[in-house]
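Q: My structure is below; once you've seen it, I'll send some questions.
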Amino acid sequence: KGGHVVIIGGGAGGTIVAKYLRKADPSIQVTLVEKNADYYTCFMSNEVLGGDRTIDSLKFGYDALAKQGVEIVTEEATAIDPTAKTVTTSGGKTLKYDRLVVSPGISLVYEGIEGYSKEVAEKIPHAWKAGAQTTLLRGQLEAMKDGGVVIVTSPPNPYRCPPGPYERVSQIAHYLKKHKPKSKVLLLDAKDSFPKQGLFIQGWTKLYGYGTDKSLIQWLPAAEQGKVVRVDASDMSVYAGDLEDKHTADVINVIPPQKAGKIAIDSGLTDATGWCPVDKRTFESTLHKDVYVIGDAAITEMPKSAYSANSQAKVCVAAIVTSLQGKEMIEPSYVNTCYSIVGEDYGISVAAIFKYKEGALASVEGAGGVTPSDASADHLRREVLYAHSWFKNITVDMFS
Ligand code: FAD
């Protein structure tokens, strides 16, 4: 009697919608369409690259959600018909919905970098979707000789996990420092600045000799010819900047430009930006009625993080339940925190509360903040504990 809600994508956004809809109103029928039987979290995958965590510790499944009455369809959603209100799947199912939630994450814009493709990513991984790609990159780092060069390329805004490339470079340096101290990591950036920049650079200076000629990390911003435009897998090189400066390396990690997940694009949920515009009070698409887009695929003032997706999912549940019950939706607020583990006993974070106001999400002044630049060693150590505790909490929230 409560209606049928179909969810596409069993990641940070979709699992939370499934679980909390069942909790909010057990009369609602919930179907989760997820193409993979296992989910590997991207969050904490940089620690796998750094060597402090196994890939198996990132792996989760959908049994607990099934036990809570969520119907799991392990197939790919291949089409959405917003007029007939149906979703078609790769196994030939047609699912009729009253409300649809789309949380498919990102698609990688391989064409954004000449010479890069899905095939080349088997040699030059992106590792921006966790699992086999993470294992591939980790294996390459392990196989590299001491004295080798690792290149990481950072994409233009907006993209999944804004501090992620910088945490990644930190974790690679953490590994090199311990096991291959004559090596270095070169970060080629499509931008001139990045989140928590001052704190990252402080950490790099302290832990990895940043700024000296012995530094394990070198960062080239766009203004210094850092923007990679082409890769050549045959001689393991990249070309960057207007001058197309050539850099060669032993290991290359290209993090390509991004846009919303393919199903969102194919079904007309994206605008010219490549992302999905939504009503920021409910996360209902502004392009298709009764379809909600949350997580990385949606475009708002919030950073694209699992924490944001979790917060958006809970607001979306409230919006769906109130709309199905014919009640009025509240004015929501949202929360996000991004932790980054810079090295041993060295964590940093940024937190913000976003409040819906006149069609936009404004961060509430005084309600967030970053790790202080004069934080004590004990404070920085505790930030790592908070990061691990957050990981435990969010994965329990999603998968149990
Ligand atoms: P996802 O979690 O990617 O879920 C999408 C799901 O949809 C996937 O399981 C996919 O298989 C499925 N899917 C897609 N299309 C279809 C289809 N057509 N049919 C069926 N299924 C489909 N965030 C944080 O908050 N904290 C962190 O510390 C953090 N660290 C990160 C580190 C790295 C290296 C990276 C890459 C990301 C990190 N993130 C972090 C970001 C976080 O992973 C994403 O923001 C989050 O996963 C977004 O959730 P989502 O639901 O939008 O997408």
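The values are calculated or read from the model by the stated rules, or taken from the named source; none is laboratory data. Nothing here was measured: the structure is a model prediction, and the numbers come from that model. Neighbour counts are summed over all protein chains in view; Cβ atoms, including those assigned to glycine, are modelled from backbone coordinates with ideal geometry. Just so you know, the surface numbers come from the protein's heavy atoms only, side chains and all, with ligands and any DNA or RNA stripped out. Shrake-Rupley method; radii C 1.70, N 1.55, O 1.52, S 1.80 Å.
Q: Which residues, counting only those in segment 87-103, are more than 14 Å from the ligand (Cβ to nearest atom) and not in a loop (DSSP other than H, G, I, E, B)?
A: 94, 96, 99
Q: Let me ask another. For segment 233-244, enumerate the residues that are surrounded by 16 or more Cβ atoms within 10 Å (Cβ to Cβ) and either out of contact with any helix residue (DSSP H, G or I) (no Cβ under 7 Å at 6 or more places or on another chain) or in a strand (DSSP E or B) (or both).
A: Residues satisfying the conditions are 236, 237, 238, 239, 240, 241.
Q: In segment 181-224, how many are part of a loop (DSSP other than H, G, I, E, B), closer than 18 Å to residue 349 by Cα and hydroxyl-bearing (Ser, Thr, Tyr)?
A: Number satisfying all stated conditions: 1.
Q: Further question: Being at pLDDT below 95 and not hydroxyl-bearing (Ser, Thr, Tyr) is the requirement here; does residue 13 meet it?
A: When the stated conditions are applied, residue 13 does not pass them.
Q: Now for a separate question. Regarding segment 369-384, can at least one residue be identified that is without any contact (Cβ under 8 Å) to a residue 40 or more places away in the chain, open to solvent by 30 Å² or more (accessible area, probe 1.4 Å) and within 28 Å of residue 5 (Cβ to Cβ)?
A: Within segment 369-384, not a single residue is without any contact (Cβ under 8 Å) to a residue 40 or more places away in the chain, open to solvent by 30 Å² or more (accessible area, probe 1.4 Å) and within 28 Å of residue 5 (Cβ to Cβ).
Q: While we're on this one: Inside segment 34-66, can you point out the residues that are surrounded by fewer than 18 Cβ atoms within 10 Å (Cβ to Cβ) and under 30 Å from residue 325 (Cα atoms)?
A: Those that are surrounded by fewer than 18 Cβ atoms within 10 Å (Cβ to Cβ) and under 30 Å from residue 325 (Cα atoms): 63, 64, 66.
Q: If you don't mind, another one. Which residues, counting only those in segment 210-228, are surrounded by 16 or more Cβ atoms within 10 Å (Cβ to Cβ) and without any contact (Cβ under 8 Å) to a residue 12 or more places away in the chain?
A: The answer is 210, and nothing else.
Q: In addition: Step by step: first the residues of segment 280-319, then only those that are open to solvent by less than 10 Å² (accessible area, probe 1.4 Å), within 11 Å of the ligand (Cβ to nearest atom) and without any contact (Cβ under 8 Å) to a residue 60 or more places away in the chain, then the one that is farthest from residue 11 (Cα to Cα). Which residue is that?
A: Going through the qualifying residues, I end up with 298.
Q: Continuing with the same structure: Quickly run through segment 347-380 and pick out the residues that are over 24 Å from the mean Cα position of the chain (by Cα) and part of a helix (DSSP H, G or I).
A: 377, 378, 379, listed by residue number.
Q: Run residue 146 past the list (1) surrounded by 18 or more Cβ atoms within 10 Å (Cβ to Cβ); (2) within 29 Å of residue 214 (Cβ to Cβ) and report the number of the one that doesn't hold.
A: The single condition residue 146 does not satisfy is (1).
Q: Could you check segment 290-320 and list, in sequence order, the residues that are in a helix (DSSP H, G or I) and at positive phi?
A: Within segment 290-320, 295 is the sole residue that qualifies.
Q: Restricting to segment 73-86, count the residues that are over 16 Å from residue 265 (Cα atoms) and part of a strand (DSSP E or B).
A: Of the residues in that region, 2 qualify.
Q: Take the conditions away from the ligand (no atom under 14 Å from the Cβ) and open to solvent by less than 40 Å² (accessible area, probe 1.4 Å) and apply them to residue 106. Does it pass?
A: no
Q: Can residue 62 be described as more than 16 Å from the ligand (Cβ to nearest atom) and farther than 19 Å from residue 293 by Cβ?
A: No.
Q: Which residue out of 129, 93 is within 20 Å of the chain's Cα centre (by Cα) and either aromatic (Phe, Trp, Tyr) or surrounded by fewer than 23 Cβ atoms within 10 Å (Cβ to Cβ) (or both)?
A: 129
Q: Sticking with this one: When segment 330-345 is examined, which residues are found to be more than 15 Å from the ligand (Cβ to nearest atom) and either farther than 28 Å from residue 279 by Cα or open to solvent by less than 20 Å² (accessible area, probe 1.4 Å) (or both)?
A: 332, 343, 344, 345
Q: Collect the residues in segment 263-278 that are on the phi < 0 side of the Ramachandran plot, of a type outside the set (S, T, N, Q) and crowded, with 18+ Cβ neighbours inside 10 Å, keeping them in residue-number order.
A: 263, 264, 269, 275, 276, 278
Q: If I ask for residues that are over 16 Å from residue 396 (Cβ atoms) and outside any strand (DSSP E or B), which ones from segment 1-11 would you list?
A: Listed by number, the residues that qualify are 1, 2, 3, 9.
Q: Just name the residue that is nearest to the ligand (Cβ to nearest atom) out of those in segment 34-58 that are part of a loop (DSSP other than H, G, I, E, B) and of a type in the set (Ser, Thr, Tyr).
A: Top of the filtered list is 41.
Conditions (1) on the phi > 0 side of the Ramachandran plot; (2) crowded, with 18+ Cβ neighbours inside 10 Å; (3) over 19 Å from the mean Cα position of the chain (by Cα); (4) more than 16 Å from the ligand (Cβ to nearest atom), marked per residue:
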position	(1), (2), (3), (4)
152	no, yes, no, no
167	no, yes, no, no
181	no, no, yes, yes
184	no, yes, yes, yes
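Q: Out of everything in segment 12-33 that is open to solvent by 20 Å² or more (accessible area, probe 1.4 Å) and assigned to a loop (DSSP other than H, G, I, E, B), what residue ends up being farthest from the ligand (Cβ to nearest atom)?
A: Checking each candidate, the answer is 27.
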